[in-house]
Amino acid sequence: MKLNRELRRDAPIGVFDSGVGGLTVFREIMRQIPNEKIIYFGDTARVPYGSKSQETVIRYSEQIVRFLRTFQVKTIVVACNTASAYALDTLEKDTDIPIIGVVKPGAKAAAEVTRNGRIGVIATEATIGSQIYTEYIRELNRDVTIYGKACPLFVPLVEEGLLQDPVTDEIARRYLAELIDIDIDTLILGCTHYPLIRSTLARIVGDRVTLVNPAYETAKELKEMLQAQGLLNDESPSLGSNQYQFFVSDKAEKFVRFANSIIKYGILSAKAVNMEEY
Ligand code: DGL
């Protein structure tokens, strides 16, 4: 699909996720490119995506892209690893604005960082089952072995706020034991929620293992892409311009509470949207 040349550099960036997890990506974008306006959508009515089929995740993602495009966004970031794994190819084919996912930037960083060629990936069942990280990393570096491990309990633990807790510690120890035995030297945090338990994971795998955070890598790649396309906003948005707007498909108040617990920006409100209309 040909890119739309009429895009404005002061237009917002659309960011979406299955729920609150993509706020880790939002947070990196606001830190790395603070002049940008962002429209964030969290699909809180239909989370989790990690246990759904590819057709369903594609259908949900297409609806969200239609919703975000009503804001004339200049680009879309698929902040969800599962949606990036399952839906990015389809979304790219049908969209005339740049669209980036979180998997490729994370895979690229891991391929560059590893020294012993043993990379661990932790993510949802869907992302691990799709083998997408393996595919991308091996396109860049054929001499590596990738070990995937689905960690489905991490998402509810994070959403329960158990970021520093003996229960999270114990579960992390069990999930990571085989990756530690295999002697990985790089671990990709392949799910939006995992950067929030980064210190627990780092302590368990030890300091010989480098953690790769796709949220950080994605914001970096987004900045480079916007620069290359002449779309980076160089002027800070005027006061009262609603620089960051949040939309969800359910439970707006719960979303706002979680958002304020991880982002020190003072997110005052999120609006509920009926996705059946898109
Ligand atoms: N956002 C999802 C991901 O990064 C995790 C939560 C879910 O399963 O929807 O894969």
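The values are calculated or read from the model by the stated rules, or taken from the named source; none is laboratory data. Since the model is a prediction, treat every value here as computed from it, not as a measurement. So basically every Cβ, Gly included, is an ideal-geometry build from the backbone, and we count neighbours across all protein chains shown. Heads up: the accessible areas ignore ligands, DNA and RNA and are worked out on the full protein's heavy atoms, side chains in. Shrake-Rupley method; radii C 1.70, N 1.55, O 1.52, S 1.80 Å.
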Check: Which of these, Val205, Val121, Val25, has the largest mean-square fluctuation under a Gaussian network model of the chain (Cα springs below 10 Å)?
Finding: Val205
Next item on the list: With springs connecting C-alpha atoms under 10 Å apart, model the chain as a Gaussian network and identify which of Gly266, Gly120, Gly148 has the largest mean-square fluctuation.
Entry: Gly266
Item checked: Computed FRET value (nearest 0.05) for Asp169 with Asp143, which takes r as the C-beta separation and R₀ as 35 Å -> 0.55
Notebook entry, point to check: In Å², what does the accessible area per residue of the chain work out to with a 1.4 Å probe?
Noted result: 46
Check: Using alpha-carbon pairs under 8 Å, 6+ residues apart, how would you state the relative contact order of the chain in percent?
Finding: 26
Next item on the list: Work out how much length Asn274 to Ile182 would gain on full extension: take 0.36 nm times their residue separation and subtract the Cα-Cα distance, in nm to one decimal.
Entry: 28.5 nm
Next item on the list: Determine the dipole magnitude for the chain: charges of +1 sit on the beta-carbon of Lys and Arg, -1 on that of Asp and Glu, nothing else is charged, the reference point is the Cα centre, and the result goes in debye to the nearest 20.
Entry: 380
Check: According to the square roots a ≥ b ≥ c of the eigenvalues of the Cα gyration tensor, what is the shape class of the range 1-66, taking rounded for a/c under 1.5, prolate for a/b larger than b/c otherwise, and oblate for the remainder?
Finding: oblate
Next item on the list: Could you size up the charge dipole of the range 180-278 around its Cα centre, putting +1 on the beta carbon of Lys and Arg and -1 on that of Asp and Glu, and report it in debye to the nearest 20?
Entry: 460
Notebook entry, point to check: Taking K and R as +1 and D and E as -1, what net charge do the other residues with C-beta under 13 Å from the C-beta of Arg173 add up to?
Noted result: -2
Item checked: the chain: proportion of alpha-carbon pairs further apart than 26 angstrom, % -> 39
Note to self: Using amide H atoms built in the peptide plane, which far-off residues or other-chain residues are under 5 Å from Ala272 H to H?
What the structure shows: Val248
Next item on the list: Would you kindly calculate the mean projected area, averaged across all directions, of the convex hull enclosing the Cα atoms of the range 221-266, in square nanometres?
Entry: 4.9
Note to self: For Lys149, give me every one of the lysines with a C-alpha distance below 22 angstrom, ignoring sequence neighbours fewer than eight places off in its own chain.
What the structure shows: Lys52, Lys104, Lys108
Next item on the list: For the range 41-81, state what percent of all Cα-Cα pairs lands in each successive 5 Å bin, counting from 0 Å until the bin that includes the largest distance.
Entry: 5, 20, 35, 24, 11, 5, 0
Check: Given the rule -39500 (n - 2.57) for each run of at least 4 DSSP H residues, summed and divided by the residues of the chain, what is its mean residue ellipticity at 222 nm, to the nearest 500 deg cm²/dmol?
Finding: -13500 deg cm²/dmol
Checklist line | Radius, Kirkwood style, for the range 114-223 when every pair of distinct Cα atoms is counted (Å) | finding: 14.2
Margin query: What aspartates and glutamates does Lys254 reach when the alpha-carbon gap must be under 17 Å and sequence neighbours fewer than 8 apart in one chain are set aside?
Written below: Asp17, Asp43, Glu159, Glu160
Check: What percent do you get for the relative contact order of the range 41-93 when only Cα pairs under 8 Å and 6+ apart count?
Finding: 48
Notebook entry, point to check: What nm distance separates the two modelled labels at Thr56 and Glu112, each placed 7 Å from Cα along Cα→Cβ?
Noted result: 3.7
Note to self: Looking at the chain as a GNM with Cα springs under 10 Å, which of Ala110, Ala252, Ala215 has the largest mean-square fluctuation?
What the structure shows: Ala252
Next item on the list: Give the carbon-plus-sulfur fraction of the accessible surface of the chain in %, rounded to a whole number; probe 1.4 Å, heavy atoms of protein chains only.
Entry: 47
